[in-house]
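Comments concern the structure below.
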Amino acid sequence: MLLSVLQANASVLDVDANLRTIDYAAQRAAKAGAALLLTPELFPVGYAPLRIHAGMDPATLPGIRERLARIARTRGIGLVYSLPASAKEAHDDGAEPASAEGRWHISATLLDASGEEILTYNKVHLFGEEEHKAFVGSQEPPAVVDFNGIRTSMLICYDVEFPEAVRAAAGRGAELLLVPTALSAGFDNVPQVLIRARALESQLHVAYANHSGHEDIYNFLGGSVVAGPDGSLLAAAGEGAALLFAEVGTEAVKAARAEVPYLKERRPDLYATWEASPRRGFAGAP
């Protein structure tokens, strides 16, 4: 399957401009034969947690989601987008959790080429003071669905920097991990080193889509990447706007997992005893 990754600069709270950028990328990607377009974290509204929380009407979210679904349908391409999701919208029982205090989750949604929603995920690990003020972290694990014959899952930005989160997806059968992100300049080792390590240690494809340029108070790194299940670099962007393409599939995943069976030979029960037991054998340990 040919995968496409959008790296671009969004305009904060200018939904029309941002959706035009997504639509144009979807048109280009579909014309090139891509089955899926991955876009950055919160791209339809721009990345500015406190401004979004203060200035965005939650009642507009369903309309934005429908417009994104229309892009997928019109261009005939799968689409991953990230938006705020109200606590009520993100919980099946409709009850806002007490811890939410009126805030939202940061969500990601996977649409198929007909515009149907087939997977959602809410960010677990919030990064920085603004995100913690504007949003509430989820506690739900990443789910996995079949997308064009590839077992597919999602995380968002900071989540992928935790090996446990990626392993949770891989342990549920994921072969492709889609990661909308909003990574600031100065964190070059995340796409250049960490994403490739996550792909290698959990033996899946990882696609990582970042913003470029300046939005609100943030200067973004760019540097979007696609890494293969052997840790190889399949596609990489520089600092500016880009549309990346990479071939992903199940055979490369199967080959990597057959060569070195990391997932089969894990010993989670043992690791749990290590974490539960008091530290011993270290100078100064209590």
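The values are calculated or read from the model by the stated rules, or taken from the named source; none is laboratory data. None of the values given here were measured: they were computed from a predicted structure. Note that each Cβ is placed from the backbone with ideal geometry, even for glycine, and that neighbours are counted across all protein chains shown. Note: accessible area is taken over every heavy atom of the protein model, side chains too, but ligands, DNA and RNA are not part of it. Shrake-Rupley method; radii C 1.70, N 1.55, O 1.52, S 1.80 Å.
Is it the case that A252 is touching a Gly at 6+ places or on another chain (Cβ under 8 Å) and either of a type outside the set (S, T, Y) or open to solvent by less than 40 Å² (accessible area, probe 1.4 Å) (or both)? For A252, the condition - touching a Gly at 6+ places or on another chain (Cβ under 8 Å) and either of a type outside the set (S, T, Y) or open to solvent by less than 40 Å² (accessible area, probe 1.4 Å) (or both) - is met. Total residues in the stretch 244-280 satisfying the condition of being within 18 Å of L204 (Cβ to Cβ) and assigned to a loop (DSSP other than H, G, I, E, B): the figure is 9.
Listed here are the residues, each with its yes/no results for (1) in contact with a Cys (Cβ under 7 Å, 6 or more places away or on another chain); (2) under 22 Å from A241 (Cβ atoms).
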| position | (1), (2) |
| --- | --- |
| I156 | no, yes |
| G173 | no, no |
| L177 | no, no |
| T181 | yes, yes |
| R196 | no, no |
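With respect to L194, is the statement that it is over 21 Å from E131 (Cα atoms) and in contact with a His (Cβ under 6 Å, 6 or more places away or on another chain) true? No.
Across the stretch 206-223, which residue is farthest from F245 (Cα to Cα) among those that are part of a strand (DSSP E or B) and open to solvent by 10 Å² or more (accessible area, probe 1.4 Å)?
We begin by selecting, within the stretch 206-223, every residue part of a strand (DSSP E or B); these are 206-209, 211-215, 218-221.
Checking which are open to solvent by 10 Å² or more (accessible area, probe 1.4 Å) leaves us with 213-214, 218-221.
Numbers: G213: 21, H214: 24, Y218: 26, N219: 24, F220: 21, L221: 19 Å.
It comes out as Y218.
Restricting the first member to the stretch 41-52 and to residues that are under 12 Å from L19 (Cβ atoms) and at pLDDT 95 or above, and the second to residues that are in a loop (DSSP other than H, G, I, E, B) and polar (S, T, N, Q), the beta-carbon pairs closer than 8 Å and six or more apart or on different chains are G46/S11. Considering the stretch 1-34, the residues that are of a type in the set (G, A, S), out of contact with any helix residue (DSSP H, G or I) (no Cβ under 9 Å at 6 or more places or on another chain) and in a loop (DSSP other than H, G, I, E, B) include one that is farthest from G238 (Cα to Cα), namely G33. Condition check for Q203 on (1) buried (at least 23 other Cβ atoms within 10 Å of the Cβ); (2) at negative phi; (3) not hydroxyl-bearing (S, T, Y): one failure, at (2). Of all the residues in the stretch 38-59, those that are out of contact with any Lys or Arg (no Cβ under 8 Å at 6 or more places or on another chain) and more than 15 Å from S107 (Cα to Cα) number 6.
When the stretch 172-186 is limited to residues that are under 25 Å from I22 (Cα atoms) and surrounded by fewer than 18 Cβ atoms within 10 Å (Cβ to Cβ), the one that is farthest from the chain's Cα centre (by Cα) turns out to be A185. For R196, the stated conditions do not hold, so it cannot be described as open to solvent by 10 Å² or more (accessible area, probe 1.4 Å), modelled with pLDDT of 95 or more, under 16 Å from V253 (Cβ atoms) and touching a helix residue (DSSP H, G or I) at 6+ places or on another chain (Cβ under 9 Å). From the residues in the stretch 55-78 that are free of Cβ contacts under 8 Å to residues at least 40 places away in the same chain and of a type in the set (G, A, S), which one is farthest from A113 (Cα to Cα)? The qualifying residue farthest from A113 (Cα to Cα) is A59.
Working only within the stretch 224-243, note down all residues that are under 21 Å from S202 (Cβ atoms), open to solvent by less than 40 Å² (accessible area, probe 1.4 Å) and outside any loop (DSSP other than H, G, I, E, B). Those that are under 21 Å from S202 (Cβ atoms), open to solvent by less than 40 Å² (accessible area, probe 1.4 Å) and outside any loop (DSSP other than H, G, I, E, B): V225, V226, A227, A235.
Return yes when I77 is crowded, with 21+ Cβ neighbours inside 10 Å and either at pLDDT 95 or above or under 17 Å from the mean Cα position of the chain (by Cα) (or both) and no when it is not. Steps first, answer last, please.
Details: crowded, with 21+ Cβ neighbours inside 10 Å: yes; either at pLDDT 95 or above or under 17 Å from the mean Cα position of the chain (by Cα) (or both): yes.
When the stated conditions are applied, I77 passes them.
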